[in-house]
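Notes for the one structure printed next.
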Amino acid sequence: MKLQQVELREVALPLVAPFRTALGTQEHRNSLLVKVTTADGAVGWGECVADDDPTYSAEYLAGARQVMREFLLPRLSRAPGLTAALVPELLRPVRGNPMARTAVEMAVLDAELRTAGISLAQYFGATRTELAVGVSVGITDTVDELISAVDGYLRAGYARIKLKIEPGWDIEPLRAVRETFGPDIALQVDANTAYGPADQPHLRRLDAYGLTLIEQPFAPDDLLSHTRLAARMDTPICLDESITSARDAATAIRQEACSIVNIKPGRVGGYLEARRIHDLCLANGVPVWCGGMLETGLGRAANLALAALPGFTLPGDISASARYYTRDITDPFVLHDGRLTVPTGPGIGIVPDPDALQAATTSTELLTV
Ligand code: NPQ
Ligand code: MG
């Protein structure tokens with residue numbers, strides 16, 4: 001294909017409730033969408049999951065926009081015979097900026113598969129048509145508020161609950177959730193790097209709560225502390241922020257820093273790299289699950305296709321649209337018996353609703369490439 005036009009469109013979506021993690025509190029989601037149009041008139045959509053601030057990772061929305069405009073898209077528009085499979089190699093000279101890379105790769109992949117009439121799930125070789133999904137529950141002011149939030153999600157049918165934790169918000173909320181809802185609910189925690197090596201004795205106390213996993217207790221570049229904790233804890237360690245590539249995943253598995261991997265395409269630089277991590281983990285008997293970055297319906301659709309691969313044996317942070325947004329920019333994803341349906345249409349299988357998209361748009365930038 002040949003790129004003819006690229007539109008960078010920023011949308012602002014208010015969250016149904018503030019989402020607090022060890023990284024800070026989010027009240028609305030600004031998301032940067034990439035719409036490519038090819039010389040043949042095919043259209044593809046990508047979503048950049050960078051946040052406004054460089055807190056989850058070094059990447060941030062304004063920087064991602066600039067990198068796409070100045071460095072990534074020109075490399076794609078110059079390339080003769082562009083295909084999605086060539087994108088990682090074409091973008092290799094540019095370092096970092098995985099969320100920007102993912103967005104442009106996703107848009108090219110969507111355009112290519114729409115033209116070919118193939119769904120992203122089919123392209124990946126997905127084996128399931130619907131998926132049990134989980135929900136990520138933010139830190140609340142009181143334990144009572146947390147219990148009522150978890151109660152609502154369990155009643156809605158979510159297959160597992162993930163609690164965000166930080167020092168001062170771990171044992172007490174966990175004990176309350178287990179006491180209220182019993183030993184049978186699937187429960188896991190995510191620390192978003194909020195602990196240090198000296199917290200290991202404290203973290204071992206989490207073993208008492210029958211958790212599926214503890215996600216990313218330590219800094220992204222501190223594999224050693226994760227290895228040490230893994231050796232001293234029964235609860236499996238899962239890495240999120242530490243894993244930025246298939247090579248990272250191989251290293252972490254080899255060093256026994258984790259026994260479960262959270263895969264987020266935006267964090268690892270693309271859906272193709274995400275697929276490679278899936279394959280590597282499957283071959284090594286390491287379960288994976290799909291993380292979430294408060295995606296709009298576009299990113300959510302693509303994540304469902306990825307998470308339909310056989311190695312995704314744990315429910316992902318791919319909640320219904322209503323968990324985050326009153327009005328998504330696509331038709332909403334709705335939970336049925338704790339499950340979401342994997343899109344079957346060509347490409348990512350969904351397009352923005354024109355009215356919802358217009359209502360959410362805060363800026364558009366047209367690039368003639
Ligand atoms: C995680 N996500 O697993 C992330 C953290 C996270 C659903 O728990 C804006 C953009 C706000 C990305 C807040 C979930 C965010 C964000 C939290 C990602 O670690
Ligand atoms: Mg996480």
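The values are calculated or read from the model by the stated rules, or taken from the named source; none is laboratory data. Given the structure is predicted, the values throughout are model-derived calculations rather than measurements. Cβ atoms come from the backbone with ideal geometry, glycine included; neighbour counts cover every protein chain shown. What goes into the accessible areas is simple: the full protein's heavy atoms, side chains included, and nothing from ligands, DNA or RNA. Shrake-Rupley method; radii C 1.70, N 1.55, O 1.52, S 1.80 Å.
Mind ranking 256-264, 359-367, 50-58 by how tightly packed they are, going by the mean number of other C-beta atoms within 10 angstrom, highest first?
Result, highest mean first: 256-264, 50-58, 359-367.
Using the Cα centre as the reference, give the magnitude of the dipole from point charges on the C-beta atoms of segment 196-315 (Lys, Arg: +1; Asp, Glu: -1; all else neutral), rounded to the nearest 20 debye.
160 debye
Out of 181, 133, 165, whose Cα points farthest toward the positive end of the dipole of segment 74-224 (charges: +1 Lys, Arg; -1 Asp, Glu; placed on Cβ)?
Checking the options against the dipole of segment 74-224, the answer is 133.
So how strong a dipole does segment 252-369 carry about its Cα centre when Lys and Arg Cβ are +1 and Asp and Glu Cβ are -1, to the nearest 20 debye?
It works out to roughly 320 debye.
Per residue of segment 156-173, what does 6.51 cos²θ - 1.76 cosθ + 1.60 with θ = phi - 60° give for ³J(HN,Hα)? Whole Hz please, x for Gly and Pro, Karplus curve as stated.
Once θ is set to phi - 60°, the couplings for segment 156-173 become 5, x, 4, 7, 7, 10, 10, 9, 6, 10, 7, x, x, 9, 9, 4, 5, x Hz.
With +1 on each Lys and Arg Cβ and -1 on each Asp and Glu Cβ, and nothing else charged, work out how big the dipole of segment 41-133 is about its Cα centre, in Debye to the nearest 20.
Once rounded to the nearest 20, the dipole reads 380 debye.
Restricting to Cα pairs below 8 Å that are 6+ residues apart, what does the relative contact order work out to for the chain? Please round to a whole percent.
23 percent
Restricting to DSSP H runs of at least four residues, report the calculated mean residue ellipticity at 222 nm for the chain, -39500 (n - 2.57) per run over all residues, nearest 500 deg cm²/dmol.
Using -39500 (n - 2.57) per qualifying helix, the result is -10000 deg cm²/dmol.
With all protein chains present, how much of the accessible area of the chain (probe radius 1.4 Å) comes from carbon and sulfur, to the nearest whole percent?
That fraction is 50 percent.
Tell me, what HN-Hα J-couplings in whole Hz come from the Karplus equation 6.51 cos²θ - 1.76 cosθ + 1.60 at θ = phi - 60° for each residue of segment 109-115, using x for Gly and Pro?
4, 4, 4, 5, 6, 4, 4
Output the peptides 115-121, 149-155, 99-105, 138-144 sorted from most to least packed, where packing is the average of other Cβ atoms within 10 Å over each peptide's residues.
99-105, 115-121, 149-155, 138-144
With the other protein chains left in place, how much accessible area per residue, in square angstrom, belongs to segment 120-190 at a 1.4 angstrom probe?
42 Å²
Kirkwood hydrodynamic radius for segment 162-273: how many Å is it when counted over pairs of different Cα atoms?
14.3 Å is the Kirkwood radius here.
On average, how much area does the Cα convex hull of the chain cover when viewed from any direction, in nm²?
Over every viewing direction, the Cα hull of the chain projects on average to 16.5 nm².
Probe of 1.4 angstrom, ligands and nucleic acids ignored: what's the accessible area per residue over segment 202-339, in square angstrom?
35 Å²
Does segment 148-193 come out rounded, prolate or oblate, given a ≥ b ≥ c as the square roots of the eigenvalues of its C-alpha gyration tensor, rounded meaning a/c under 1.5 and, failing that, prolate meaning a/b above b/c?
prolate
Along the three principal axes, how long is segment 230-369 when you take its alpha carbons, biggest first, rounded to the nearest angstrom?
52, 43, 27
Using a 1.4 Å probe and counting only protein heavy atoms, arrange 273, 172 so the residue with the most accessible area comes first.
From most exposed to least exposed: 172, 273.
Tell me which residues come under 5 Å, amide H to amide H, from residue 119 once H is placed; ignore anything under 5 positions away on its chain.
For residue 119, the qualifying residues are 347.
Using just the C-alpha positions of segment 301-355 as equal point scatterers, what log10 of I(q)/I(0) does the Debye formula give at each q in 0.17 1/Å?
With one equal scatterer per Cα and no solvent, log10 I(q)/I(0) is -0.57.
How do 340, 272 stack up against each other in accessible area, from largest to smallest, with a 1.4 angstrom probe?
Solvent-accessible surface, decreasing: 272, 340.
Under the Karplus relation 6.51 cos²θ - 1.76 cosθ + 1.60, θ = phi - 60°, what is the ordered set of whole-Hz ³J(HN,Hα) values for segment 68-74, x standing for Gly and Pro?
With coefficients 6.51, -1.76 and 1.60, one gets 4, 5, 8, 10, 8, 4, x Hz.
Mind checking which lysines have their Cα closer than 26 Å to the Cα of residue 162? Skip sequence neighbours fewer than 8 apart in that chain.
Filter leaves 264.
By its C-alpha gyration tensor, with a ≥ b ≥ c as the square roots of the eigenvalues, how is segment 1-98 shaped: rounded for a/c under 1.5, else prolate for a/b larger than b/c, else oblate?
prolate
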